[in-house]
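**Student:** Here it is, the structure in full.
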Amino acid sequence: MSLVLDPAAQDLLFREASTANTFTDEPVTEEQVQAIYDLVKYGPTAFNQTPLRITLVRSPEARERLVQHMAEGNQAKTATAPLVAILAADNEFHEELPTLFPAFPQAKDVFFAERTARESAAGLNAALQAAYFIVGVRAAGLAAGPMTGFDAEGVRKEFLDEDHTPLMVVNIGKPGENASYPRSPRLAYEQVVTTV
């Protein structure tokens, strides 16, 4: 066995997990979301950046506002999921670097003084954190339905501000009936990995 992680955990996180499109009515609690974040915050990023920002959409009024900005095929599932999270990149993440990266607190000014550099770094590192978040949702025994089919500018204006870039909207909950499509093929190791 090449992996230390228990095979059941491997299945839970990867092999048997898939994007959910339907969910049960079982609620997702604040404690569950906090436990997810408290686990996945340890995922590596450059300079220990933490640009991911999570907006939990819980109220019916906020849900209605969000659904209006979703692509037509994503509206019904977003309207009915137990919890919806907007994952965004904070383009002003560098303000926290002196605390988060004490080994080189000057990184804030040396590397991220320019807005374009911050936006590029925030997008990449928040996307990494978003991936960790999805795996964390699975670790909590829940299913995630990440979507990029939405009006990003509309979501930003409705829920965020000029300093935040929405990356994806994620439906979260226990998978419902016929929640997932059959698993699509994946590339083989030999198609992806090159040794030099």
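**Student:** Find the residue count for the stretch 16-33, including only residues that are β-branched (Val, Ile, Thr) and open to solvent by less than 40 Å² (accessible area, probe 1.4 Å).
**Tutor:** The number of residues fulfilling the criteria is 2.
**Student:** Exactly one condition in (1) without any contact (Cβ under 8 Å) to a residue 40 or more places away in the chain; (2) not in a loop (DSSP other than H, G, I, E, B) is not met by PRO105; state its number.
**Tutor:** (2)
**Student:** When you scan the stretch 134-153, how many residues do you find that are surrounded by fewer than 16 Cβ atoms within 10 Å (Cβ to Cβ), out of contact with any helix residue (DSSP H, G or I) (no Cβ under 6 Å at 6 or more places or on another chain) and farther than 14 Å from GLU16 by Cα?
**Tutor:** Matching residues across the stretch 134-153 total 3.
**Student:** Answer yes or no: is there a residue in the stretch 176-186 that is out of contact with any Ser or Thr (no Cβ under 7 Å at 6 or more places or on another chain) and aliphatic (A, V, I, L, M).
**Tutor:** Looking through the stretch 176-186, none of the residues is out of contact with any Ser or Thr (no Cβ under 7 Å at 6 or more places or on another chain) and aliphatic (A, V, I, L, M).
**Student:** Still on this structure, please answer the following. Identify, by number, the condition in (1) assigned to a helix (DSSP H, G or I); (2) open to solvent by 50 Å² or more (accessible area, probe 1.4 Å); (3) within 29 Å of LYS77 (Cβ to Cβ) that THR116 doesn't meet.
**Tutor:** So the condition that THR116 fails would be (3).
**Student:** Okay, moving on. Of everything in the stretch 63-82, what is touching a residue at least 40 places away in the same chain (Cβ under 8 Å) and either out of contact with any Ser or Thr (no Cβ under 8 Å at 6 or more places or on another chain) or open to solvent by 50 Å² or more (accessible area, probe 1.4 Å) (or both)? Give them in sequence order.
**Tutor:** Once the filter is applied, which keeps residues that are touching a residue at least 40 places away in the same chain (Cβ under 8 Å) and either out of contact with any Ser or Thr (no Cβ under 8 Å at 6 or more places or on another chain) or open to solvent by 50 Å² or more (accessible area, probe 1.4 Å) (or both), the stretch 63-82 yields ARG65, GLN68, HIS69, ALA71, GLY73, ASN74, THR78, THR80, ALA81.
The values are calculated or read from the model by the stated rules, or taken from the named source; none is laboratory data. This one's a predicted model, so the numbers in the text were calculated from it and none came from an experiment. With ideal geometry, Cβ positions are generated from the backbone for all residues, glycine too; neighbour counts draw on all protein chains shown. Protein only, heavy atoms only, side chains kept; ligands, DNA and RNA dropped before computing areas. Shrake-Rupley method; radii C 1.70, N 1.55, O 1.52, S 1.80 Å.
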